[in-house]
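Trainee: Here you go, one structure.
The values are calculated or read from the model by the stated rules, or taken from the named source; none is laboratory data. Fair warning: this is a prediction, and the values are worked out from it, not measured in the lab. For neighbour counting, all protein chains shown are included, and Cβ atoms are generated from backbone atoms with ideal geometry for every residue, glycine included.
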């Protein structure tokens, strides 16, 4: 089918829809200022961005991804399609290395989550997405597809940027107003029962497709290819409510109860009257569910834990960096060492009065604003950055080091 890109023009008519395809060569990766992208496209309409990363060369190769899929602790899947029966097979890793040489030459896909946590060159791509809050970004999933490989027509309930890294993939999307939401019930995957594409494109390395939540899409490899998927964290309202209520319940004062000191004789002993409902609401309000400070503190803890695929563990007592005294660590920092952040350590911060709260994997720390911003944004802390922190900031960093959120990298280790 023929693709149907929107017309690109410099002076669009009033109320004209923004183009659905642009070339970003002059202003990568979006081809426009970030503010315009967020205004016109973010969670509103899809966008094909040609040359989002001009001259892009993949930092990893298919064999690297296959090797990663064999490692314990990785989240990996293989999806294969039987075209004759339109059947789908799903397998979960980690996989045996002997599996891959015997895989067919077509119609299968390997997907590995959190590749940015395992490969620093892949993680470096996230800097191009700094126009988004970092705590909104979930991970970079990398998929290898043999020719004809696909995961079927589906929808995601979160924003995603699909960057073509190697080879060519043909994408179809349904950008209509009301696409069919029904799923097939004969396969393990959540595939659409009906898919009616409105647009079709062939992506080359460096091209990128942005899709808002709920846009049906289907990608098929034209040849052996790699695709990087930058996905967002988008908790459902039910997940938010469930975690918040659990937090409130865990912290609630047992003395806060339903009370009725103004109780009058019951007209009907079986009736729940309006006064009873008013008292029930008062009992709930006593939990301060609408307290902005309490909400903010809960959300900071929640969002730095949500969908965290890996755990940060403190080193065994007396082993590794935990065995070094604070004086030794600070001496190392003064002489060229760096505290490197654990790839699964998620940080964010928010203002709390005149100070700030730093959130690290569900834990909160009171810090000056400058310290919270510095620590949350730094991938590593060298001697100068450490010296610039307040006493409280240095205390926090040392505590995080002991908890495993940092490892100490010395110059001698890097040379080795």
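Trainee: Which condition number does residue 359 fail, the rest of (1) in contact with a strand residue (DSSP E or B) (Cβ under 7 Å, 6 or more places away or on another chain); (2) at pLDDT below 95 being met?
Mentor: (2)
Trainee: Can you list the strands (runs of 3 or more DSSP E) lying wholly within the stretch 34-130 that have 1 or more residues being touching a strand residue (DSSP E or B) at 6+ places or on another chain (Cβ under 8 Å), assigned by TED's automatic domain parsing to the domain that holds residue 189 and buried (at least 19 other Cβ atoms within 10 Å of the Cβ)?
Mentor: In the stretch 34-130, the matching strands (runs of 3 or more DSSP E) lie at 47-50, 76-82, 108-112.
Quick grid of which residues meet (1) assigned by TED's automatic domain parsing to the domain that holds residue 385; (2) within 30 Å of residue 395 (Cα to Cα); (3) without any contact (Cβ under 8 Å) to a residue 24 or more places away in the chain:
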site	(1), (2), (3)
245	no, no, yes
258	no, no, no
282	no, no, yes
285	no, no, yes
329	yes, yes, no
336	yes, yes, no
350	yes, yes, no
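Trainee: Out of all the residues in the stretch 322-362, which are on the phi > 0 side of the Ramachandran plot and within 26 Å of the chain's Cα centre (by Cα)?
Mentor: 361, 362
Trainee: So which of 25, 10 ends up being more than 16 Å from residue 125 (Cβ to Cβ), at pLDDT below 95 and assigned to a loop (DSSP other than H, G, I, E, B)?
Mentor: Exactly one of 25, 10 is more than 16 Å from residue 125 (Cβ to Cβ), at pLDDT below 95 and assigned to a loop (DSSP other than H, G, I, E, B), namely 10.
Trainee: Give the residue that is farthest from the chain's Cα centre (by Cα), with candidates limited to residues of the stretch 274-290 that are part of a loop (DSSP other than H, G, I, E, B) and surrounded by 12 or more Cβ atoms within 10 Å (Cβ to Cβ).
Mentor: For the stretch 274-290, the residue satisfying everything is 286.
Trainee: Closer than 30 Å to residue 302 by Cα, in a strand (DSSP E or B) and not assigned by TED's automatic domain parsing to the domain that holds residue 380, is that true of residue 138?
Mentor: Criteria met by residue 138.
Trainee: If we only count strands (runs of 3 or more DSSP E) wholly inside the stretch 144-247, which ones have 2 or more residues that are closer than 21 Å to residue 45 by Cα and in contact with a helix residue (DSSP H, G or I) (Cβ under 9 Å, 6 or more places away or on another chain)?
Mentor: Once the strands (runs of 3 or more DSSP E) in the stretch 144-247 are filtered for at least 2 residues that are closer than 21 Å to residue 45 by Cα and in contact with a helix residue (DSSP H, G or I) (Cβ under 9 Å, 6 or more places away or on another chain), what remains is 160-166, 225-232.
Trainee: Kindly provide the set of residues from the stretch 248-265 that are more than 25 Å from residue 350 (Cβ to Cβ) and surrounded by 10 or more Cβ atoms within 10 Å (Cβ to Cβ), ordered by number.
Mentor: Hits for the stretch 248-265 are 256, 258, 259, 260, 263.
Trainee: Name the residue, out of 177, 182, 188, 194, that is assigned by TED's automatic domain parsing to the domain that holds residue 116 and under 22 Å from residue 113 (Cα atoms).
Mentor: Working: 177 fails: under 22 Å from residue 113 (Cα atoms); 182 fails: under 22 Å from residue 113 (Cα atoms); 194 fails: under 22 Å from residue 113 (Cα atoms).
Just one listed residue meets the conditions, 188.
Trainee: Touching a strand residue (DSSP E or B) at 6+ places or on another chain (Cβ under 8 Å), farther than 24 Å from residue 366 by Cβ, touching a residue at least 24 places away in the same chain (Cβ under 8 Å) and surrounded by 10 or more Cβ atoms within 10 Å (Cβ to Cβ): is that true of residue 301 in this structure?
Mentor: So residue 301 fails the test.
Trainee: Yes or no: the stretch 184-192 includes at least one residue that is buried (at least 17 other Cβ atoms within 10 Å of the Cβ) and touching a residue at least 12 places away in the same chain (Cβ under 8 Å).
Mentor: The answer is yes; a qualifying residue exists.
Trainee: Moving on. Of the numbered conditions (1) at pLDDT 95 or above; (2) on the phi > 0 side of the Ramachandran plot; (3) loosely packed, with under 15 Cβ neighbours inside 10 Å, residue 15 satisfies every one except a single condition; which is it?
Mentor: Residue 15 satisfies every listed condition except (1).
Trainee: Filter the stretch 348-366 down to the residues that are in contact with a helix residue (DSSP H, G or I) (Cβ under 7 Å, 6 or more places away or on another chain) and more than 22 Å from residue 136 (Cβ to Cβ) and list them by number.
Mentor: 355
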